[in-house]
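Just below is one structure, and these are the notes that go with it.
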Amino acid sequence: MASDALQQRLQAAEAEVAQLRAELEETNRGVVALYAELDEQAIALKRATELKSRFLAYMSHEFRTPVNAIRSIARLMSDEVDGPLTEEQRRQVQFIQTSAREFAEMVDDLLDLAKIEAGRVDISPAWFEMVDLFSALRGMFRPMLENQEVTLAFEEPADLPRLYTDDRKLSQILRNYVSNALKFTPRGEVRVAACRIGEDRVRFSVSDTGIGIAREHQAAVFDDFAQVDSPVQKRLRGTGLGLALCRQLAGLLGGEVGVDSELGRGSTFWLTLPVQLPGARVSDAAREAGWKAPA
């Protein structure tokens, strides 16, 4: 009797093991199917991203031709090549020039974002002095200061090392910062500065006395197509791409971006970069020229 009971228990245990084995095999098949589905979705997502990047790049190139034509014609009209303009005509031509310039900037931002997403952005580091970069930016913005109630100031860089990074990408970030600050500062000042942080990093900042950004909106200003909900923002609409591009470019340069702001009292957009681009090799000649590796 005892052996029969033991036999029955053994058979029940074997049946239970067989059932568990079947359930495990079924679960494994489900997991394999799930992984296959996730792989397919990942491939589809990658392809969709590639198609979006190709579309943005293609459309950006196509937009450049007509917008450049508009800018050229508006420039000829502004120079009064075909005769003098009335005050009203001059105002309208200026409006065309401003709109065309903003459109061109939007096209450039779209193209740059498409290149970054496609991994086709080349970083070209080189040695340069901050005083030279600030001087170039000052000259670039001087003819664009249309609001007489706003001043643009560049603090002279002091105690800053030479930087080894892509100065064009850095200039592009600062240009976006300054353009935004001028756009949203009805009166007061926009100030550009740079200071050293420790031995191996530099902090750039663009401060303004403009409309400011509410705390709840600050985390999203660097997202694609982000726009701050304010009366001034609605009047001066943009694409919301400039700051998103700044974040992407800063990442490529090994840096970080951020903003400190108070609604109605102004904003400070900042960027921190390493003195030397991460992963970049410095030649012996460059070291002999005065660069000292961070401790």
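Evaluated against (1) out of contact with any strand residue (DSSP E or B) (no Cβ under 7 Å at 6 or more places or on another chain); (2) within 19 Å of Glu105 (Cβ to Cβ); (3) not small (Gly, Ala, Ser), Gln148 falls short on exactly one condition, (2). Filtering segment 1-25 to residues that are loosely packed, with under 10 Cβ neighbours inside 10 Å and assigned to a helix (DSSP H, G or I) leaves Ala2, Ser3, Asp4, Ala5. Close Cβ contacts (under 6 Å, 6 or more residues apart or on different chains) running from residues in segment 115-133 that are of a type in the set (Gly, Ala, Ser) to residues that are modelled with pLDDT of 90 or more comprise Ser124/Asp166. Residues of segment 69-88 that are surrounded by 14 or more Cβ atoms within 10 Å (Cβ to Cβ) and more than 35 Å from the chain's Cα centre (by Cα): Leu85 alone.
Take segment 183-215 and flag every residue that is assigned to a loop (DSSP other than H, G, I, E, B) and polar (S, T, N, Q).
Correct list: Thr185, Thr209.
When only residues in segment 128-172 that are in a strand (DSSP E or B), among the β-branched types (Val, Ile, Thr) and over 19 Å from Gly255 (Cβ atoms) count, which is least open to solvent (accessible area, probe 1.4 Å)? Taking the candidates together, the pick is Val150. All of Ser207, Ser267, Ser283 fail the test of being open to solvent by 20 Å² or more (accessible area, probe 1.4 Å), modelled with pLDDT of 75 or more and among the hydroxyl-bearing types (Ser, Thr, Tyr), apart from Ser207. For segment 173-197, how many residues are under 21 Å from Gln248 (Cα atoms) and open to solvent by 40 Å² or more (accessible area, probe 1.4 Å)? The number of residues fulfilling the criteria is 2. For Gln172, the conditions (1) without any contact (Cβ under 8 Å) to a residue 60 or more places away in the chain; (2) touching a helix residue (DSSP H, G or I) at 6+ places or on another chain (Cβ under 8 Å) are fulfilled apart from (1).
With respect to being touching a strand residue (DSSP E or B) at 6+ places or on another chain (Cβ under 7 Å), open to solvent by 40 Å² or more (accessible area, probe 1.4 Å) and closer than 21 Å to Glu256 by Cα, Asp200 fits the description.
The values are calculated or read from the model by the stated rules, or taken from the named source; none is laboratory data. Fair warning: this is a prediction, and the values are worked out from it, not measured in the lab. Cβ sites come from the backbone with ideal geometry, for glycine too, and all protein chains shown count toward neighbours. Areas reflect the complete protein model, heavy atoms only, side chains present, ligands, DNA and RNA absent. Shrake-Rupley method; radii C 1.70, N 1.55, O 1.52, S 1.80 Å.
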